[in-house]
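Here's the structure, in structure tokens; my notes come after.
The values are calculated or read from the model by the stated rules, or taken from the named source; none is laboratory data. Owing to the predicted nature of the structure, the values given are computational and were not obtained by experimental measurement. Positions of Cβ are generated from backbone atoms using ideal geometry, with glycine treated the same way; all protein chains shown enter the neighbour counts.
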Ligand SMILES: [Zn+2]
């Protein structure tokens, strides 16, 4: 038996159950994927939210007709006519109805309305195809006319497309506010230093969120960001980058920045846990009319829903509450093992830096991803992300001496002359509500980097793998500080009016 508690479900009490207390398989599942109760994944820190779409009787009836293998759903609560009633619902339908609202924040297309009439067509189109999508993106999802951008909504009862009008004269708005010259609009970050920056405190006025990637301690094993060779201390990416984050914070604060860490220890930010996703994972993996999925597959997906989706959403909330100007995601790369059962270090070592972009049509088929991508585009986040990424890529390359990593395949694209800079659509850089740059220097399972990680933090230089080298942690942290400082000298303090130049946006419209 899987127990599903649904909090705060309130719509239409007479026709719709207020509370679904239990779901039974129509026969005892041979492989029980959860002996104990499975709690639906609402974040306790937020007020209970209504579940969308559950359960119109017609849906249930249709489900009964369609399904060969189904669930019984016991309804209780104060819906008078539903008291004690058992509904037979298909797995797949349950996915849409009961679980549809758990992880998806929903696609709020009205969020794009703040950009109505603000963005210049030429600029938006150029950045859309250079950074975010390829020319052959599915035009039924996103399309352009002479004076507007159209995005498909998928929402029942709404117009099929949401329209975002381009500015009639994109230069007019920016000139009015007097901060941006018409010439500067077409340019990105100026090459020369912004005037009047306080000496010694080049990051004064900056609010920088640092996101130490992944989780640490015991959690890192679940994420497969963890390995151990012989009796050496284990290499857990989440713990290593947390150490780097503390060092980066110290350096940035010394330069005048306010710094926020999305996590300060090994534990998850989300209050949810993998077991909260077992039921949803089972539903997602179950094709209508087929047998229940393997329990290992269910567990793997539930784990991913926990540490990718739920965890990054919780971190995005923290960043939003704090109000960051930029976010830096700190990671250390690794390459796949030739033989996972017999770990052997490799010679390849490299570095790269990631900005948001390179959405596939398959990803954009998800309405939430369409909104998030367009919001980043219309806010001009790439105008900050790309030059900031270039600056950080250069400082990391200079410090580490490592060559650039090259992606093969369609899920990443070059968006800069700088060979270290790539665009990818990742949960964190899609969800984080500020310009976000992912740092992926070093290959943790390369001979040299592994030896440097094992050496831990130290002062001065030590001979490692035949060369005198500083602590890898200090090298990483110093390079991040250096890259940010150089960028700050070019871009000036936030709010970055470069965000609004090309798009012709009024900085007043900047929303956090
Ligand atoms: Zn990582």
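Side notes on the structure shown:
- Residues in the stretch 336-369 that are surrounded by fewer than 15 Cβ atoms within 10 Å (Cβ to Cβ) and within 16 Å of the ligand (Cβ to nearest atom): 336, 337.
- Qualifying position, being under 17 Å from the mean Cα position of the chain (by Cα), farther than 20 Å from residue 389 by Cβ and within 14 Å of the ligand (Cβ to nearest atom), among 311, 317: 311
- Across the stretch 413-432, a minimum of one residue is classified as surrounded by fewer than 18 Cβ atoms within 10 Å (Cβ to Cβ), under 30 Å from residue 137 (Cα atoms) and free of Cβ contacts under 8 Å to residues at least 12 places away in the same chain.
- Scanning the stretch 467-480 for residues that are under 14 Å from residue 330 (Cα atoms) and surrounded by fewer than 21 Cβ atoms within 10 Å (Cβ to Cβ) yields 474, 475, 478.
- Considering residues of the stretch 207-259 that are in a loop (DSSP other than H, G, I, E, B), within 23 Å of residue 323 (Cβ to Cβ) and more than 22 Å from the chain's Cα centre (by Cα) only, the residue nearest to the ligand (Cβ to nearest atom): 257
- For the stretch 437-474, a residue qualifies if it is within 14 Å of the ligand (Cβ to nearest atom) and part of a strand (DSSP E or B), and the qualifying residues are 437, 438, 439, 440, 441, 443.
- Unique residue being part of a helix (DSSP H, G or I), touching a helix residue (DSSP H, G or I) at 6+ places or on another chain (Cβ under 7 Å) and within 16 Å of the ligand (Cβ to nearest atom) when the list is 396, 328, 372, 378: 396
- So residue 264, is it at pLDDT 95 or above, surrounded by fewer than 20 Cβ atoms within 10 Å (Cβ to Cβ) and not in a loop (DSSP other than H, G, I, E, B): no
- Unique residue being surrounded by fewer than 17 Cβ atoms within 10 Å (Cβ to Cβ), in contact with a helix residue (DSSP H, G or I) (Cβ under 9 Å, 6 or more places away or on another chain) and under 21 Å from residue 302 (Cα atoms) when the list is 217, 238: 217
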